[in-house]
1. Restricting attention to the range B:358-376, which residues are modelled with pLDDT of 90 or more and open to solvent by 50 Å² or more (accessible area, probe 1.4 Å)?
2. Conditions first: (1) open to solvent by less than 10 Å² (accessible area, probe 1.4 Å); (2) touching a helix residue (DSSP H, G or I) at 6+ places or on another chain (Cβ under 6 Å); (3) within 12 Å of chain B (Cβ to nearest Cβ). Residue A:387 passes all but one, so which condition is the exception?
3. Could you list, in sequence order, the residues of the range B:77-89 that are farther than 18 Å from residue B:19 by Cβ and either at pLDDT 95 or above or part of a helix (DSSP H, G or I) (or both)?
4. Pairs, please: C-beta under 6 Å, at least 6 apart or cross-chain, first residue without any contact (Cβ under 8 Å) to a residue 12 or more places away in the chain and in the range A:264-293, second of a type in the set (Val, Ile, Thr)?
5. Looking only at residues in the range A:409-419 that are in contact (Cβ under 8 Å) with a residue 24 or more places away in the chain and out of contact with any helix residue (DSSP H, G or I) (no Cβ under 6 Å at 6 or more places or on another chain), which one is farthest from the other protein chains (Cβ to nearest Cβ)?
6. Among the residues of the range A:352-361, is there at least one that is farther than 15 Å from residue B:421 by Cα, away from every other protein chain (no Cβ under 14 Å) and among the charged types (D, E, K, R)?
7. From the set of residues in the range B:316-331 that are under 27 Å from residue B:388 (Cβ atoms) and either within 9 Å of another protein chain (Cβ to nearest Cβ) or at pLDDT below 85 (or both), which is surrounded by the fewest Cβ atoms within 10 Å (Cβ to Cβ)?
8. Return yes when residue A:46 is free of Cβ contacts under 8 Å to residues at least 12 places away in the same chain and closer than 20 Å to residue A:18 by Cα and no when it is not.
Protein chains: 2
Amino acid sequence: MKVSKFGGSSVATAEQIQKVLNIINSDDERQIVIVSAPGKRHEHDTKTTDLLIRLYEKVINQLDYQHKKTEILERFNDIIKGLNLKTNIITEIDQTLERLIYELKDEPLRLLDALKSSGENFNAQIIAAYNTEQGVPTEYLSPKDAGIIVTDEPGNAQILESSYETINQLNQRKHKIIIPGFFGYSEKGNIVTFPRGGSDITGAIIARGVRAKLYENFTDVSGIYRAHPNVIHEPEIISEITYREMRELSYAGFGVFHDEALQPLYRYRIPVVIKNTNRPNDPGTFILHDREFNRKKVVLGISCDKGFTSINIKKYLMNRQVGFTVKILNILAENNISFDHMPSGIDNISIIMRTNQIKGKEQQILEAIRRECEIDELNIEQDLAILMVVGEGMSATVGTANKITTALADANINLRMINQGSSEISMMFGISNKDAESAVKACYDKCYH
Amino acid sequence: MKVSKFGGSSVATAEQIQKVLNIINSDDERQIVIVSAPGKRHEHDTKTTDLLIRLYEKVINQLDYQHKKTEILERFNDIIKGLNLKTNIITEIDQTLERLIYELKDEPLRLLDALKSSGENFNAQIIAAYNTEQGVPTEYLSPKDAGIIVTDEPGNAQILESSYETINQLNQRKHKIIIPGFFGYSEKGNIVTFPRGGSDITGAIIARGVRAKLYENFTDVSGIYRAHPNVIHEPEIISEITYREMRELSYAGFGVFHDEALQPLYRYRIPVVIKNTNRPNDPGTFILHDREFNRKKVVLGISCDKGFTSINIKKYLMNRQVGFTVKILNILAENNISFDHMPSGIDNISIIMRTNQIKGKEQQILEAIRRECEIDELNIEQDLAILMVVGEGMSATVGTANKITTALADANINLRMINQGSSEISMMFGISNKDAESAVKACYDKCYH
C-alpha cells in the first residue's frame with residue numbers, strides 16, 4: 001500500500017487533476033490519496049486557501065462577502081467544467097460555505113479553521129466524484145471518517161495517538177480513497193487545521209497509520225535540490241536523503257517537504273519519495289531512515305537562511321560560575337523566547353535565535369541580562385544568516401570542514417560562528433545576511449564541480 | 001611602584017635568592033616582593049611545600065614526624081648557610097612547626113593550611129633578613145599585616161573586597177617589603193591558603209591593592225611560549241598577550257601564570273610581565289588589557305589539553321521542545337557536575353566537560369537523562385582533547401578558520417567538534433586524545449613557519 005499526496009499546484013486545474021488521476025490509476029498500490037486545495041495556476045494567481053482566508057476576513061469584519069464567495073465558486077466551477085463533471089457539487093459548495101458562516105460567525109477562530117480547510121475538502125470531493133465517473137470506484141473520505149482525530153486548539157491540531165488504530169483500518173478498504181489534507185476533527189467535532197506543513201502532515205499521519213510501504217509526495221519539482229534553485233542555476237537533484245539530513249536542511253530554508261511531517265514517519269521508518277506530478281517518471285528524491293554515503297561526495301546539500309539574531313555575552317571567569325547558563329535560559333523562558341543554539345567560549349556565550357523570536361523585546365532582554373547576570377559586555381547582532389552544510393558521514397571524513405572553510409575563505413566570506421560536532425551530519429556557519437547567496441554558491445562549486 | 005613575585009625555582013637555593021635580590025635591588029620601583037616556598041633545585045628534587053604536606057600526613061596519622069621535620073629544617077638550613085646568614089632563624093622555624101602541630105593537631109584542615117603555607121612564610125623571613133644584612137633595609141610582612149584578609153574555608157581562600165583598602169596603605173611604606181605568597185588570614189585569625197595559583201594570586205591581590213604600574217612575575221622561563229615546549233622544539237616567545245587570550249590558552253593547559261590570578265588585575269587593567277629570574281634582561285611576555293594585532297600573524301598561541309568527555313544526545317525535533325536544555329542542565333547540577341560547553345545541532349546536543357567532573361558518575365547521569373528526557377540516542381565519548389587556537393582579531397580575519405582546518409586536514413586529524421564564534425579571539429576544536437600533539441605541531445607549523 002502506498003499513500004500518495006498531491007500538492008496545490010498538482011490539483012490547481014482540471015488538466016492537472018487529470019494528470020494526478022492518471023498517476024493514481026496507473027498503480028493499484030496507490031490506494032490512499034491526500035489532496036491539497038487548488039493552488040496557483042500561474043505565477044500571479046491566488047491560492048484557493050488564500051481566497052478562503054479573504055472570505056473569512058470579509059465575514060468577521062461584517063462586510064459584504066458575496067463577491068469573494070463568487071470568486072471561490074468560480075474557481076471550483078472552472079475545475080468542474082474542465083472535467084465535464086455531471087454533478088451539482090457547486091451548489092453543495094455554496095451551501096456548505098453559507099452554513100459554516102452562519103453556524104460559526106460568533107466563533108472567529110473556528111470559522112477561520114472551517115473556511116480555510118474547505119478548499120481541500122471540496123477538491124477531494126470533486127476529484128473522487130470525477131474518478132468514479134471515469135470508471136474507477138473512488139471514495140471521498142472526510143478526515144473524521146478516516147480517523148484523523150486531533151487536539152482542539154484552533155490552527156494548532158496535533159494528532160491524538162489513539163487515532164492511528166482507527167486509521168489502520170483503512171487497510172481493509174477495497175476502493176481507492178481520497179482524503180482532504182490540512183485538517184482533522186477534534187473529539188468535540190470541530191474542524192481543526194494543522195499548524196505547519198498542512199497536507200504533508202495529513203499524508204504522513206495516514207502513511208504511518210496504515211504502515212504504508214511508501215509515502216509519495218507529489219509536487220511541481222522532480223525532487224529535492226542540493227541547493228536552492230534561486231541561488232544555484234539548475235542544481236543537482238538528491239537521489240536519497242535521510243530524515244536527519246532533511247531536518248538539518250529544512251532548518252535553514254529547504255521547503256519542498258515540511259520537516260515536521262517527518263515526525264510520524266520516523267518511528268516506523270516509512271520511506272518518502274518526492275516526485276513531480278508533471279514528470280512522474282523522474283526518479284524523484286527518496287527520504288529514508290538511513291542510506292549509504294559516498295566519501296568522495298560526502299556533502300549532500302547546502303542551505304542558508306537569513307534572519308537570525310545573536311546575543312553575545314562576555315563575563316570574565318564565566319566558566320567557573322555554575323548556574324550562569326541557567327540564569328540566562330530562565331530570562332529567555334520568562335520572555336517566551338525559544339533559542340536555537342548556544343555556542344560558548346571560556347568567558348563568553350552566544351545565544352542564537354530566529355530574529356522573529358526576539359523582535360521588539362530586544363531592550364527588555366538585554367536589560368534583564370544586565371540586571372541579573374553581572375556581565376562584562378553584552379551586544380546583539382541582528383543580521384546573521386545560518387549556512388548549513390549537511391551530509392551523513394561528514395564527521396567521519398577528514399577534511400570536510402577544510403573544504404568548506406576553503407570555499408568560504410576564497411569567496412572572502414567572514415565566519416562569525418562555526419558549530420560542528422554535536423551533529424555528526426552537519427556543519428553550521430554563522431555569516432552576514434549579505435553573504436548568504438555567495439556562501440551557498442562558493443560551497444556548491446567546491447563540493448560539486 | 002612595581003610588585004614583583006618570584007616562583008619556587010627562583011628562590012630554591014641561596015644562589016637563586018641572590019639573583020632575586022640583585023633583581024630587586026637594581027630597581028627602586030621594585031618595592032613589594034612576593035616569594036614562594038623553595039621549589040625544586042633539580043629535576044628529581046621535592047618542593048618544600050610537598051615536604052610540608054608529608055610532614056602533615058605523618059602528624060595526622062600519628063606517626064613519628066621528626067625525620068620529616070629534620071628534612072625540612074635541613075632544606076632551610078642549606079639556604080641560610082649558603083647565604084652566610086647570621087641569625088638563629090632555623091630555631092624559630094623549628095619552634096614554629098612544633099607550635100603549629102601542637103595547637104592544630106585536632107583540626108586537620110587548619111593544620112594542613114598552616115603547615116603547607118609555612119614554606120613561603122619562612123622563606124620570606126629569610127630573604128628579608130638577608131637583604132637587610134646586605135645593607136638594603138627590607139621588611140618581612142606577614143599577609144595579615146599586609147592586609148590580605150580572606151574567607152575562612154580551608155584551602156579555598158577568597159580575598160575580601162575590604163582588604164584592598166588596607167593593602168593600598170602599603171604605598172606609604174619607605175622600605176622594601178617581602179610578603180610570603182599562597183595564603184591570607186581569615187577575620188578569625190586562621191591561616192587560609194588560596195585554592196589555585198597560590199603565590200600568583202597573592203601578587204595579583206597586592207598589585208591591585210597598591211594599583212601597581214606593573215606586576216612582575218619572575219619564573220624560570222623567559223616568557224610565555226606560543227605552544228608547549230614539550231611539543232614544539234624551542235617555540236617562539238609571545239611578546240604581548242591580552243588577559244582574554246591568556247584565559248583561553250590557560251584553559252587548555254598553558255600553566256606559566258595562573259589565569260585565575262588575572263581576575264584582581266582585570267578591573268584596573270594592571271599589566272603583568274612574565275620574566276626569567278635567570279635571564280632578567282630578556283624582555284619577557286607582557287599580559288595586557290589590550291594590544292595591537294598583526295593581521296598577517298593573527299594566531300597568537302596554540303594549546304591543547306586532554307581529558308575531556310562529551311555526552312551526546314539525539315532527539316528528533318529537539319529544537320521545538322522548550323525547556324529541554326534546562327532539564328539536562330538540572331540533571332548535571334543535581335549531580336554537582338560543571339560542564340564547559342554545549343554545542344547543539346538541530347536535533348542533537350553535546351555537553352562537554354572535564355572528565356574528572358563526571359568520572360564515576362557516568363552511568364547515573366546517562367540513566368537520569370534517559371529517564372527524564374525521552375531521548376532517541378545517547379552516548380558518551382571519553383577520549384576527547386580540546387585544541388585552542390587563540391588570537392585577538394581572529395574573527396575579523398577572513399581565512400583563519402581555513403588555515404587551521406587545512407593544517408589539521410593535512411595532518412589527517414579528524415575534527416570531532418568545532419566551536420567558533422562566541423569568542424572572537426579563539427577557535428576551539430575537539431579532537432582525539434591521541435591526536436593532541438600532532439594537532440599542535442600541525443597548527444604551529446602552519447601559523448609560524
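The values are calculated or read from the model by the stated rules, or taken from the named source; none is laboratory data. Source: prediction; values computed, not measured. Here the Cβ is made from the backbone with ideal geometry for all residues, glycine too, and neighbour counts use every protein chain on show. The protein model used for the area step is the full one, side chains on, heavy atoms only, and it has no ligands, DNA or RNA in it. Shrake-Rupley method; radii C 1.70, N 1.55, O 1.52, S 1.80 Å.
1. Taking the range B:358-376 and keeping what is modelled with pLDDT of 90 or more, we get B:358-371.
The answer is B:359, B:360, B:361, B:363, B:364, B:367, B:370, B:371.
2. Single failed check for residue A:387: (3).
3. Narrowing the range B:77-89 to residues farther than 18 Å from residue B:19 by Cβ: B:77, B:86-89.
Hits for the range B:77-89 are B:77, B:89.
4. none
5. Here is the first cut: in the range A:409-419, the residues in contact (Cβ under 8 Å) with a residue 24 or more places away in the chain are A:410-411, A:413, A:416-417, A:419.
Pick out the ones that are also out of contact with any helix residue (DSSP H, G or I) (no Cβ under 6 Å at 6 or more places or on another chain) and you get A:410, A:416-417, A:419.
Values: A:410: 8, A:416: 6, A:417: 3, A:419: 6 Å.
In this case the residue turns out to be A:410.
6. Narrowing the range A:352-361 to residues farther than 15 Å from residue B:421 by Cα: A:354-361.
This time we only want the ones that are away from every other protein chain (no Cβ under 14 Å), so: A:355-356, A:358-361.
Applying the additional criterion that residues be among the charged types (D, E, K, R) yields A:359, A:361.
Within the range A:352-361, one or more residues are farther than 15 Å from residue B:421 by Cα, away from every other protein chain (no Cβ under 14 Å) and among the charged types (D, E, K, R).
7. At the first step, the residues of the range B:316-331 found to be under 27 Å from residue B:388 (Cβ atoms) are B:325, B:328-329.
With either within 9 Å of another protein chain (Cβ to nearest Cβ) or at pLDDT below 85 (or both) added as a condition, the list becomes B:325, B:329.
On the way: B:325: 22, B:329: 19.
That would be B:329.
8. The answer is no for residue A:46.
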